[in-house]
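The block underneath contains the structure these notes are about, expressed in structure tokens.
The values are calculated or read from the model by the stated rules, or taken from the named source; none is laboratory data. Just so it is clear, the structure is predicted and the values come from calculations on it, not from any experiment. Glycine gets a Cβ as well: all are built from the backbone with ideal geometry, and neighbour counts include every protein chain shown.
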Amino acid sequence: MNWLELAEKKREEFIKVTTELLQIPTVLEKFDPENKEMPFGKDIRQALDMMLEIGKQDGFITKNVDNYAGHIEYGNGEEVLGILGHLDVVPTGGKWINPPFSAVERDGKIYARGAMDDKGPTVAAYLALKMVKEQGIELNKKVRVILGCDEETGMRGLKHYLTKEKMPDIGFAPDAEFPLIYAEKGIYMYDFIGEAENQLITSMNAGDRYNIVPDVCEVTLTKDLRKEFNKYLDDFNYSGEIHNNKYTIYGKNAHAAMPDLGLNAISLMVEFLKNHTDAFFIHFIDEFLTFDNYGKKLGIDCSDKEMKDLTNNLAFISYDGQNIRIKMNIRYPRNYDFEAGEVKLTKAGAKYNLEYKCIENKGPHYVSPDDELVKSLHSAYVKYTGDTENEIFTIGGGTYARVLTKAVAFGALFPGEEELAHQPNEYLIIDQMIKAIAIYAESIVLLAGK
Ligand SMILES: [Zn+2]
């Protein structure tokens, strides 16, 4: 079967359905579990209805699971192949050339919030299933295109769905990149908490979320250290400023999964302060956390061949003259000993009278590269791209795939293309989505064909 030729005939349909879907502004405003008809709001409900209606018109079995998610199904059998797409989008911040929900088509692209994350790829997966059905190909599994309604803000849609429907035995999520992501590091948030009074520092603040390297750190000081601070900035070529007794230093943001791309503002500030104060939390941060993205100072550094290094992000500090909270974010490979690590973190904190607290730990997600699932999907990709150069890979972030026990992230961004998910002027390239439709159809047949 030449799926690419058949996918080409779906071009108009792809454009029509995707455009219509993109014009529904499916940003979550408020999650309201009391509102049974539309727990994620009317727009997300409308998008779910729209897709399920199209599925029904096209002769598929469809199901709406309590307005939290739905699926479009084809094929028979005990086992389920789940294809995980989502209909919600992140807010539209930033400068857009065209209104973000206008879905303007220009130069073979469609511009809109959600174009690649994840409406275009979701429609591509749907049309792939439709082609398989139109060709009369019999399947030995139920193939379900699952339409999540809340991927961006907590995955409550899919989690609820899985309480009502069978967990797919295998699956893939067209919500990331080609060729394929087969493993994702463990994601682990923890804090150090304590209390301290201090003569010099009356407040200290930096950071926002666990998953970001902080780019600003502010302290207020009781003593005039302007001269020393300015010299420090000059000596190391850092940027910062002083207003009255407030001292600010600037680093650079980065995602916590790639902390080396950033410059941690807390590290920069602590490096300055440690010579001017005996505040124990400053010396704690200096001894165990500063300028160390790999947990070496804590003795928790580790690495494995596939998933590479553990990373440790010093994400946040707040001190109000009394209470201290430091927030940390680790991304760890499969061979990390979590319990032994906790002992070390507890001990490090205790040395400075700080309490270690685990906030959330999600273990690594891993499907072997030798698994049939990975091999089949990758071969479908190679067949329609000829690309044997770009290898399947692992990441430090988390994708939608990790909600299922055995699923990988598979497309739909092609190697070398600009990643604009969550950014202004997000777009999809129509030719590439046509290719994605062919790859997904091939994949469905390889994984579920008789
Ligand atoms: Zn997504």
Report yes if E342 is outside any helix (DSSP H, G or I) and not small (G, A, S), otherwise no. no
If I filter the range 151-179 down to residues being of a type in the set (A, V, I, L, M, F, W, C) and within 16 Å of the ligand (Cβ to nearest atom), which single residue comes out as modelled with the lowest pLDDT? M155
Give, as residue ranges, the helices (runs of 4 or more DSSP H) completely inside the range 211-288 that count at least 2 residues that are in contact (Cβ under 8 Å) with a residue 40 or more places away in the chain and out of contact with any strand residue (DSSP E or B) (no Cβ under 8 Å at 6 or more places or on another chain). 226-236, 280-288
So, L147, is that one assigned to a strand (DSSP E or B), within 15 Å of the ligand (Cβ to nearest atom) and of a type outside the set (D, E) or not? yes
Could you run through the range 311-330 and say how many residues are of a type outside the set (D, E) and in a loop (DSSP other than H, G, I, E, B)? 2
Going through K383, K375, K357 one at a time, which residue ends up being assigned by TED's automatic domain parsing to the domain that holds R106, over 20 Å from I146 (Cα atoms) and in contact (Cβ under 8 Å) with a residue 12 or more places away in the chain? K383
When the range 154-181 is examined, which residues are found to be in contact with a Phe, Trp or Tyr (Cβ under 7 Å, 6 or more places away or on another chain) and under 27 Å from M258 (Cβ atoms)? F172, A173, P174, D175, F178, P179, L180, I181
Can V367 be described as among the hydrophobic types (A, V, I, L, M, F, W, C), within 16 Å of the ligand (Cβ to nearest atom) and farther than 30 Å from G136 by Cα? no
Can you tell me which residues in the range 413-450 are within 16 Å of the ligand (Cβ to nearest atom), among the small types (G, A, S) and modelled with pLDDT of 95 or more? A436
Pick out the one residue from E391, E442 that is of a type in the set (D, E), surrounded by fewer than 20 Cβ atoms within 10 Å (Cβ to Cβ) and in the same structural domain as E105 (by TED's automatic domain parsing). E391
